[in-house]
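The values are calculated or read from the model by the stated rules, or taken from the named source; none is laboratory data. Predicted model only: the values in this text are computed from it and were never measured. As a convention, Cβ positions derive from the backbone with ideal geometry for all residues, glycine included, and neighbour counts pool all protein chains shown. Each accessible area value is taken on the protein alone, full model and side chains, heavy atoms only, with ligands, DNA and RNA left out. Shrake-Rupley method; radii C 1.70, N 1.55, O 1.52, S 1.80 Å.
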Amino acid sequence: MIGSRIQLAAYLDERRARIDDALDRRVPSLGTPPAILHEALRHALLGPGKRLRGILVLAAAELARGSAEAALGLACAVEMVHASSLILDDLPCMDDASVRRGRPALHRVVGEANAILTSVALLDLAFDTVQRTGGLRDAARGAITCCLTEAIGARGLVGGQVADLAGTGARLDLDALEFVHSHKTGALFIAAAEVGALAGRARERDLEPLRLYAKNLGLAFQITDDLLDYSGSPARTGKDAGLDRDKTTFVTLCGIDGARRLVDELIDAALVALTPFGRRAAHLRAFAELVRTRDR
Ligand code: GRG
């Protein structure tokens, strides 16, 4: 058990370092005009994120025996979309967060207008990265582009965010809360797994169990996020605590023990979804266990 934890930590550290390095190479250096934009891009993208979505892309691509070059490019694209969404989520008109990744939220550094423009530039950089990534067949590149656009738009992050804002101050039931978070958070987990698999030779019959795995994982991740917002340490999470005060969360709805039980059920369901892949899914399995027990 301890041995496998150490192995997972080493796997995550190595993959995170690879993604950090590749992201750094894809953003123009500080001082490139307009300097404030490139300062903002680097602040938002290269801060100490966990890179979980990028690592999920890599793990799914490894499962599907994808090219390492393609997988790394796509991991960067997914992390760019994620960073773009965090900037908007933190704005005063949304969560009004002051801290992100242990540093001031972007709008506190460059102002709201520049933060919004940086978010758009990151989305643009994500799709540019998909187009320029080598090692992909044209059909796969097209499918990956569609997968990401769907995850971002009304059927994904944007739809979830709008539902979240509409529900602020109201008491949501479990179905409504699940709708918000399966879109706002879950959609990018599903896209990460799918995009990674499409970098390889995944067949349609492999995609469905992977989507199911990622759907359960993404929702479990959100519930652990709610638990950390309620009782986690801002020094560990690098975020403000208690921002969800006016919102229904899995903790306000189910209590701490109920939310933990839900996490266990969802992670168990994610593990069952991996059954068809046998030992090939070892990293995806370990990744799910990490989400179950994370404290940051
Ligand atoms: C235009 C891309 C785009 C989105 C617009 C603002 C918005 C719609 C959606 C918000 C999506 C969002 C930020 C969901 C929260 C998900 C979440 C729990 C984020 C925290 O993820 P971590 O802990 O963060 O993995 P790090 O910093 O480690 O990457």
**Prompt:** Counting other Cβ atoms within 10 Å, which trypsin sites (Lys or Arg not before Pro) in the stretch 181-270 have at most 14 and lie in a DSSP loop?
**Reply:** R201, R203
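Once you order the gyration tensor axes a ≥ b ≥ c over the Cα atoms, which shape class does the stretch 160-212 get: rounded for a/c under 1.5, otherwise prolate or oblate by comparing a/b with b/c?
Numbers: a/c = 6.06, a/b = 2.89, b/c = 2.10.
Here the stretch 160-212 falls in the prolate category.
Where in the chain are the DSSP H helices whose C-alpha atoms run 18 Å or more along the long axis and whose mean Kyte hydropathy is at least -1.0? Display every interim value, and only then the final one.
Details: long enough: 2-26 (36 Å, -0.74); 68-90 (33 Å, 1.05); 112-132 (30 Å, 0.66); 138-152 (21 Å, 0.78); 204-231 (40 Å, -0.34); 250-273 (29 Å, 1.03).
Qualifying helices, which must be both long enough and hydrophobic enough, are 2-26, 68-90, 112-132, 138-152, 204-231, 250-273.
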**Request:** Sticking with the crude label model, points 7 Å out along Cα→Cβ, report the distance from D268 to V120 in nm, one decimal please.
**Result:** 4.8
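With all protein chains present, how much of the accessible area of the chain (probe radius 1.4 Å) comes from carbon and sulfur, to the nearest whole percent? Working shown, then result.
Numbers: 7510 of 13430 Å².
Roughly 56 percent, rounded to a whole number.
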**Prompt:** So which GluC sites (Glu not before Pro) in the stretch 133-218 are both in a DSSP loop and have at most 15 other Cβ atoms within 10 Å of their Cβ?
**Reply:** none
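Only loop residues by DSSP count here, and only those with at most 12 other Cβ atoms within 10 Å; note down the trypsin sites (Lys or Arg not before Pro) in the stretch 123-173 that meet that.
Working: sites: R132, R137, R141, R155, R171; in loops: R137, R155, R171.
Listed in order of number, the matching sites are R137, R171.
Note the full-extension length gain between D173 and D128 as 0.36 nm times their separation in residues minus their Cα-Cα distance, in nm to one decimal. It would help to have the intermediate numbers written out before the result.
Working: separation 45, 0.36 × 45 = 16.20 nm, distance 3.94 nm.
Extending this stretch completely gives an extra 12.3 nm.
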**Asked** So what is the 222 nm mean residue ellipticity for the chain from helices alone, if each DSSP H run of at least 4 adds -39500 (n - 2.57) and you divide by all residues, rounding to the nearest 500 deg cm²/dmol?
**Response** -23500 deg cm²/dmol
**Asked** R0 = 41 Å: FRET efficiency of R236 with R203, Cβ-based, nearest 0.05?
**Response** 0.55
**Pairwise centroid distance, computed over Cα atoms, of the stretch 84-132 with the stretch 23-82, Å** = 14
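On average, how much accessible surface per residue is there in the chain, in Å², for a 1.4 Å probe, leaving out ligands, DNA and RNA?
Solvent-accessible surface per residue comes out at 45 Å².
Grab the other residues whose beta carbon is less than 14 angstrom from that of R285, score K and R as +1, D and E as -1, and report the net. Show your work: numbers first, answer last.
Details: positive: R5, R279, R280, R292; negative: E62, D268, E289.
So the surrounding residues net to +1.
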